[in-house]
Amino acid sequence: MNCIVIDDDKEIHFQLTNYINLSDEINLIHSFTNPLEAISFLNTTDIYIDFMLIDVEMPDMSGIDLVRSLHAPPQIIFISNKPQYAVDGFDNNITDYLLKPITLARFNNAIYKVKARQTPTEKCKTFLFIRTQPNIYQKVNFSDIVLIESLNNYVIIQTFDNKYSSLSRISGLEKQLPEKDFIRVHRSFIVNIHKIENINENNIIVNIGNEQKIISISRSYRDNFFQSFNFI
């Protein structure tokens, strides 16, 4: 899930960033201390945002006014040290309201609520954005991905004619992929099942450009792999 943080408190930014980095399911797309800059970003970006973490009280614009200014806001989690704003928040259909100080358990509970409110359309996206450089995101269609490889703390997303590297974990990326199209064959590899050219007992072959790549099917993933296909 893609999120942004909007809060003028740098300590809260640091705390929320740490919580987000602990999750395999959340991508922090951007963080803002100025709500007006956040609005400009939201009105111009092509990146799909699943939810926003927003401070209620900020100097230039309140979080409530920010949400009201957006035509079709994503899910909202408000942050405040004052409980009295919660009623206004839920009147604006927010997903949750976090009171400072924010514990990790309470943060995780709010993320659970975000996932529970996701619509089928949100769960069936056909692409994702890969952070290739700080503040630079590359759109990659699921249908273009041939395989994903884990290398230490990075993942390599390989399409037919391009390769993208991102500081991420393969387990988190796996949760963003449609299960009907992708399968884990090894601790270090996920493949697009539509790109598999050949299967034997121990390996699969996929085409990348004009070359073939052989990928081992590890023992721990073999049963699930072969149960996913119809063999004649």
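The values are calculated or read from the model by the stated rules, or taken from the named source; none is laboratory data. As the structure is a prediction and not an experimental result, all values here were calculated from the model. We place every Cβ from the backbone using ideal geometry, glycine too, and count neighbours over all the protein chains shown.
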Checklist line | strands (runs of 3 or more DSSP E) fully within the range 113-232 counting 2 or more residues that are touching a residue at least 40 places away in the same chain (Cβ under 8 Å) and surrounded by 14 or more Cβ atoms within 10 Å (Cβ to Cβ) | finding: 127-133, 145-151, 182-186, 189-192, 203-208, 211-216
Note to self: Among the residues that make up the range 213-231, is at least one of them of a type outside the set (Lys, Arg), out of contact with any Gly (no Cβ under 6 Å at 6 or more places or on another chain), under 21 Å from Phe127 (Cα atoms) and at pLDDT 85 or above?
What the structure shows: no
Notebook entry, point to check: In the range 72-87, what count of residues is obtained for those that are over 21 Å from the mean Cα position of the chain (by Cα) and without any contact (Cβ under 8 Å) to a residue 24 or more places away in the chain?
Noted result: 5
Checklist line | Output for the range 102-121, where each listed residue is at pLDDT below 90 and in contact with a Ser or Thr (Cβ under 8 Å, 6 or more places away or on another chain) | finding: Arg117
Note to self: I'm told Phe90 meets every condition in (1) touching a residue at least 24 places away in the same chain (Cβ under 8 Å); (2) assigned to a helix (DSSP H, G or I) except one. Can you identify the failing condition by its number?
What the structure shows: (1)
Check: Which members of the range 7-32 meet the condition of being touching a strand residue (DSSP E or B) at 6+ places or on another chain (Cβ under 8 Å), in a loop (DSSP other than H, G, I, E, B) and farther than 24 Å from Val140 by Cβ?
Finding: Asp7, Asp8, Asp9
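What residue, of Ile183, Ile148, Ile136, Ile157, is modelled with pLDDT under 90, β-branched (Val, Ile, Thr) and closer than 30 Å to Asn207 by Cβ?
Ile136
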Notebook entry, point to check: Here are Tyr137, Tyr112: which of them is of a type outside the set (D, E, K, R) and in contact with a Lys or Arg (Cβ under 8 Å, 6 or more places away or on another chain)?
Noted result: Tyr137
Margin query: Among the residues in the range 41-50, are any within 17 Å of Leu28 (Cα to Cα) and in a helix (DSSP H, G or I)?
Written below: yes
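What's the total number of residues in the range 188-203 that are touching an Asp or Glu at 6+ places or on another chain (Cβ under 8 Å) and not polar (S, T, N, Q)? Step through it out loud before you land on a result.
To start, the set of residues in the range 188-203 that are touching an Asp or Glu at 6+ places or on another chain (Cβ under 8 Å) comprises 188-190, 192-194.
Filter again for not polar (S, T, N, Q), leaving 189-190, 193-194.
Here the count works out to 4.
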Next item on the list: Can you work out which of the residues in the range 12-70 that are closer than 25 Å to Thr103 by Cα and aromatic (Phe, Trp, Tyr) is surrounded by the fewest Cβ atoms within 10 Å (Cβ to Cβ)?
Entry: Phe14
